[in-house]
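Right, one structure below, let's go through it.
The values are calculated or read from the model by the stated rules, or taken from the named source; none is laboratory data. In this text, all values refer to a predicted model and were calculated from it rather than measured experimentally. Glycine gets a Cβ as well: all are built from the backbone with ideal geometry, and neighbour counts include every protein chain shown.
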Amino acid sequence: MKKPAVLIFGMDELLHQNLKGKLFGHGFEVFDAPKASDITTTFQNIMPDLVIICSSGEIAGNGLKEVKAIRKMQRCLPIMLITKFSSESRAIEALRAGVNDYFKIPVSGDAVLDSAKRLLSDRLSEYSSGSKTNAECTIKDQSFICESRPMRDVKTLLAKIAKADSNVLITGETGTGKELAAEYVHYKSPRYNYPFICVNCAALPESLVESELFGYDRGAFTGAYAVKRGKFEIARGGTLFLDEIGDMTAYAQAKILRSIESKEFFHLGGKRSIPMKARVIAATNQDPERLMAKGSFRKDLYYRINVARVHMPPLCERKEDIPHLVQHAIGKLNHRFSREIEGLTDCAMTCLYRYDWPGNVRELLNLLEAAYINLPAREISYVELPNSIQRQLQVADCGAEEERMRILTALLETNWNKSTAAQKLSWSRMTLYRKITKYNIVEKRSPAR
């Protein structure tokens, strides 16, 4: 497995040598951009996995010109910006240009190393283990956006679960990405070369449960002219994903429970048992404990599938991911609609942050697709957002003053150390910079005596 490649551009000599030594010693391959070279040409020659740009060395200005040049070639590539002159407004500008992490000089090599490990964690784990992943696994990994702290924690947990091969229960609201999480577990597990089979339990009629899940033999019923394999058999060696299992009838739950317990099943009309060799991942948008209390979900089935538990946070609790979700979606929509949309206007992006997203990530993706129908030019503006969203955004934000006070309290308690304040708020530094700009928070220093 090839080491993750890092391209360092415009770095002063002392900082360059410090970073190069640390990165090389932790599994990275480091490339130096020639002095006064064109970043586009250098980038195309090396095709790195991460770019670190420093705006205090060979690069004039704030480094955003180079960031934008790379973003035109690669929308998803991680970019880190190190700058000598920093402010909240510059940090926000860097975020909007597509920077994934942002540091002000002086910066420790350990801080940059930690960021590089986070941005390329999966590439490093693949290199250290020597494992080979297929193309589909890489695609699923790129689709799993997790820049926010809650989603980084979820992704770490999913990676551990993938290796354990236990049954999994994924909970979360509709549209939070439960199926994507199940796919991530499958493609990160030793079963990735075998099928991933999804069953929509909510849409499965009780009369078809046995034939769809377990298959049937010839002559099992009128019209059964040939043997048919069910989902349990098709998923052999791989993963069976039972989506919205909380909507299944008691009869269907009993059938699934028996197969999971006995590790075998029978074709409808068959007499020969078939070994159950698929891993089971179940998901529900309801509270399983509440369903059991109501008597609509079997306790014994719950205890069978609730071995490893994952909760997918709603989008309103992970708004730091919105720019990255938008960027990823626009890349796919540009290809689908043959357009070259660069992104959203500042006003439109601000509106996305203000919205509560009851439909979660799925609603965000649908909103962007709806905006494409209005045929925007280069950027999606506020007026091109769906009318339903515009109406919601006209409602006054009652929680704004409360959030502003939380930020001020954290800043005062940390003596205006923004990195420490961001940690207290469980935000990234970029999120704190954006909120400070949004609420026009200015540090008031005491006059010198």
**Report entry** Yes/no for residue 281 being in the same structural domain as residue 192 (by TED's automatic domain parsing), at pLDDT 95 or above and either touching a Gly at 6+ places or on another chain (Cβ under 9 Å) or closer than 19 Å to residue 234 by Cβ (or both)
**Finding:** yes
Report summary line: Filtering region 238-269 down to residues that are crowded, with 16+ Cβ neighbours inside 10 Å and either free of Cβ contacts under 8 Å to residues at least 40 places away in the same chain or polar (S, T, N, Q) (or both) yields 239, 253, 259
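With the structure loaded, tell me whether residue 270 is touching an Asp or Glu at 6+ places or on another chain (Cβ under 9 Å) and at pLDDT below 90 or whether it fails that test.
yes
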Query raised in the report: So how many residues does region 211-243 have that are more than 17 Å from residue 278 (Cα to Cα) and assigned to a helix (DSSP H, G or I)?
Result: 1
Query raised in the report: So which of 278, 282, 293 ends up being more than 15 Å from residue 170 (Cα to Cα) and under 27 Å from the mean Cα position of the chain (by Cα)?
Result: 278
Report task. Would you check which residues across region 213-237 are touching a Leu at 6+ places or on another chain (Cβ under 6 Å), within 30 Å of residue 285 (Cα to Cα) and surrounded by fewer than 20 Cβ atoms within 10 Å (Cβ to Cβ) and list them? Result -> 231
